[in-house]
Structures are given as C-alpha cells and as structure tokens.
Amino acid sequence: QNSENITFSTTCMHTKTVLKDNTKIYWCDGDRIAVKGEISPFQCVLAEPSQQADFNGDVETADEYYAVYPFEALISWDGTIASMNLPSIQKAAKDSFADGLHITAAKTTSQEKSFTFENILGYVRFTIGPSSGLIKSVEVKAVGGEPLAGAFSVDCAAEVPEVTVTEGVSIVTLSSETALEEGDYYIALLPGVYSQGLQFTFTNTDDATASVAYEKSLTLHPGHINPIGTVSGLEWSSTVIWRGSETLNGWAGNQDLAWGGYDWSTVKAGELLR
C-alpha cells in the first residue's frame, strides 16, 4: 500500500475539547485524531480554540477515510469499526467536561478530505451553587444496571454512528483533588435508555456522602446534555471527626476516639474511621 501525507479539514458543530458558553464546542491546539490505517495520530496546530481545524499526518491512500476523536480513546480498528473506551473515572473540569471525553467519529472521501465529526456520547450536567457544600466527587449509577461507560465499538462507515457496548460498567465517578468550585460540571456517558433512572452520590471533603435519585426512565441521546439542576439541600450521611497521624499515650490523648469500648485492635493503619 502507498502512503501519503494528508491534511484533513474538520468542521465542528459537534466536536471537541473546550466547551464555551455551555453550548459551543471548540478544537484546541494539540488535539489528536485517529485515522483508519494509521497507528500514529493526526494532530492540529491552533493559535487559539476554534470550531475549525486542520489535521495533518501520514496514512495509506484509500478512496474513503475514517476517523475518531480523541486518539487516546481508540483501542483498535477492525475494518471500519473502531473499538474505543470511555473511562469510568473522569476528572472534573469546571464549566466543561474532562479533556478527551468528547468522543466522536467521522468519515470522508479522498476527494473531499473533510471530516464532519458526529457525537457518540451523551452528557449529564449539574451545577455547584454557593450553598452546595464542599463537594469533591460525584458518583453516577444506573439503577437498572445499564452500562454508563467502558469498552464499546462504533462503525464509522454508518450514516449515524451507533454504539455497541462490549464491556460496560454501570457506575461512573467524577472526581477532583479539591472541592468543586461554583459552576457547571459535565459527566460523559454512553447513550442509551436508563430504564430505572440514575442515582447521584456526592462526597464532600470530609468524606461524608449524600445521594439524590433521578427515578424516571431516562433516554440519553448522542450529543445531548441532560441538566439535573443545582445541587442543594444535601443530607450528609457521616462526618470525619479526626484524620491524620497522632501519637497517643492512653485514650485520654484523644477523646474523639475513646467511644463505646470499640475493639481498636481490628483497625488497620490508614483506615478511615467514621
């Protein structure tokens, strides 16, 4: 097979990394796509985020070309079918989704060399308000056990890309090293019908938890954003009263831990005490 250096243009009502004004999605400098037949990524060079970008790389010549974004999500190609993965642990990004979590697919001809990427995933959005508490992570669970993330495949030759789940998981966690700032947050999920709804479990910086259920059947379409509202009025289940290391000379050294005649011999170093 002959290979050539090709520049593919892209249009972007449906693609990529930065979400602006909660509606428009832009390509960013260094974004990478995977093109069928090539194991190296095609990459764009942009001075600033844009809804259009050119991707350059070397690929075997063909009448039709297929691509997926982002390059890092691709597992393998089998003909026109791309095997990909949506991680179940996602990094929180204020007013956007985490880098690399807007998975899309596209096709073009050797004459056009222009990809129009189509959405594969759906999203849920929640808002952290001034009275939400110091939330550091959110766990989303499909009550009916349907897959929310994991390994899946997409036929890029289809007119409308369709997800086939190969190894799914029904829980996705959005996490942060610090408390989430006020603003909107997005969680990327596989499209589908969640027959018994979704359950959201929030964890604060004291490792207390609070759960909120969306009990109605929910159909999540590719490219659609389902808002669940502002987080407020949470009832936290527990509070950490003490953490860290401390040298004790008898239980009088820390009365917070001297309760109920508990058998402390069962506690391992580093264990979280509630």
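Coordinate-derived values only; no laboratory data. Remember, predicted model here, so these are calculated numbers, not experimental data. We place every Cβ from the backbone using ideal geometry, glycine too, and count neighbours over all the protein chains shown.
Quick notes on this one:
- In segment 114-146, the trypsin sites (Lys or Arg not before Pro) that fall in loop regions by DSSP, at most 11 other Cβ within 10 Å: none
- For trypsin sites (Lys or Arg not before Pro), the sites in segment 37-113 that DSSP calls loop and that have at most 14 other Cβ atoms within 10 Å are K94, K113.
- Label point distance in nm, T230-E4, each placed 7 Å from Cα along Cα→Cβ: 5.7 nm
- Loop sites in segment 66-121: GluC sites (Glu not before Pro), DSSP, at most 15 other Cβ within 10 Å: E112
- For segment 169-240, the relative contact order comes to 30 percent (Cα pairs under 8 Å, sequence separation of at least 6).
- Net charge of Cβ neighbours under 13 Å - reference G133; Lys, Arg +1; Asp, Glu -1: -4
- Global form of segment 23-78, assessed from the alpha-carbon gyration tensor, a/c cut-off 1.5: prolate
- Between segment 139-199 and segment 52-99, the Cα center-to-center distance that results, in Å: 17 Å
- Size of electric dipole in segment 15-150: Cβ of Lys, Arg +1 and of Asp, Glu -1, about Cα centre, debye, nearest 20: 680 debye
- Within-13-Å neighbourhood charge of L74 [Cβ basis; K, R +1; D, E -1]: -1
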